[in-house]
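The values are calculated or read from the model by the stated rules, or taken from the named source; none is laboratory data. Nothing here was measured: the structure is a model prediction, and the numbers come from that model. Counting neighbours? That spans all protein chains shown, and the Cβs are built from the backbone with ideal geometry, glycine included.
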Amino acid sequence: MREGLAAVGINAIAAESGADKVLIYRYFGGLDGVLAAIASERRLWPELEEQVRGASSLAAAARAYASTLGSELRQDGAALTREVLRASLGRARATIVELTAPREAEHGRVTAAVREGRTPPPFIDVEALLALLLSGVTLLALARDGGERVFGLDPASNTDWKRVDRVLGTITRALLEPSDV
């Protein structure tokens with residue numbers, strides 16, 4: 001996958017692995033089967049339910065989710081996950097949908113853990129707030145590989161990630177903690 005997920009095909013897999021493509025079709029049924037096997041062998045999506053479940057408040061749970069996701073996605077070991085995310089932004093090919101379905105399932109579990117036993121303010125759509133926060137940290141993590149800045153932030157900079165984490169805390173506290181006013 002040196003040239004990205006878009007360049008992956010049975011011929012490229014056969015050449016890289018030294019396996020006959022007939023065997024790849026026999027054992028995996030094609031490209032979708034190969035990618036599904038990779039997805040099941042590797043943990044593509046961070047499992048964050050426990051970090052969120054142990055949070056002391058709705059604000060802390062939402063922050064933990066977004067902050068930990070950003071941290072996990074920017075790790076060197078998450079290169080395949082970032083590549084799948086990039087590919088999912090560009091097309092709805094069945095393979096990509098198959099690879100991202102576990103992400104959506106994990107998101108559902110984590111979102112349920114964020115809300116579990118916690119009542120949000122009546123004017124807050126927790127799911128939409130999480131989608132915005134998670135999209136932001138995901139975009140920053142994806143930009144890490146290209147070396148470009150994103151709206152003035154350097155995704156490769158620990159200092160800038162600390163800034164993002166502080167703002168995640170500010171946003172979640174401001175919107176999700178009870179106010180005395």
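Only one residue in Ser67, Ser57, Ser88 is modelled with pLDDT of 85 or more, assigned by TED's automatic domain parsing to the domain that holds Leu140, within 19 Å of Leu44 (Cα to Cα) and small (Gly, Ala, Ser), so which one is that?
Values: Ser57 fails: within 19 Å of Leu44 (Cα to Cα); Ser88 fails: modelled with pLDDT of 85 or more.
Sole residue among the options that is modelled with pLDDT of 85 or more, assigned by TED's automatic domain parsing to the domain that holds Leu140, within 19 Å of Leu44 (Cα to Cα) and small (Gly, Ala, Ser): Ser67.
Within the range 76-96, can one find any residue that is of a type outside the set (Asp, Glu), closer than 26 Å to Glu177 by Cα and free of Cβ contacts under 8 Å to residues at least 60 places away in the same chain? Checked against the condition, which is being of a type outside the set (Asp, Glu), closer than 26 Å to Glu177 by Cα and free of Cβ contacts under 8 Å to residues at least 60 places away in the same chain, the range 76-96 yields no hits at all. Within this structure, Leu31 passes the test of being surrounded by 17 or more Cβ atoms within 10 Å (Cβ to Cβ), at pLDDT below 85 and out of contact with any Phe, Trp or Tyr (no Cβ under 6 Å at 6 or more places or on another chain). The condition (being surrounded by 14 or more Cβ atoms within 10 Å (Cβ to Cβ), among the charged types (D, E, K, R), within 19 Å of the chain's Cα centre (by Cα) and under 27 Å from Gly9 (Cα atoms)) is satisfied by just one residue among Asp145, Asp165, Asp154: Asp145. Considering the conditions (1) surrounded by fewer than 17 Cβ atoms within 10 Å (Cβ to Cβ); (2) in a helix (DSSP H, G or I); (3) at pLDDT 75 or above, Ser40 is excluded by exactly one of them, (3).
Yes/no matrix, rows are residues, columns are (1) within 25 Å of Arg166 (Cα to Cα); (2) out of contact with any Pro (no Cβ under 9 Å at 6 or more places or on another chain); (3) surrounded by 16 or more Cβ atoms within 10 Å (Cβ to Cβ); (4) modelled with pLDDT under 85:
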| position | (1), (2), (3), (4) |
| --- | --- |
| Val84 | no, yes, yes, yes |
| Leu99 | no, yes, yes, yes |
| Glu116 | yes, yes, no, no |
| Thr119 | yes, yes, no, no |
| Val126 | yes, no, yes, no |
| Leu134 | yes, yes, yes, no |
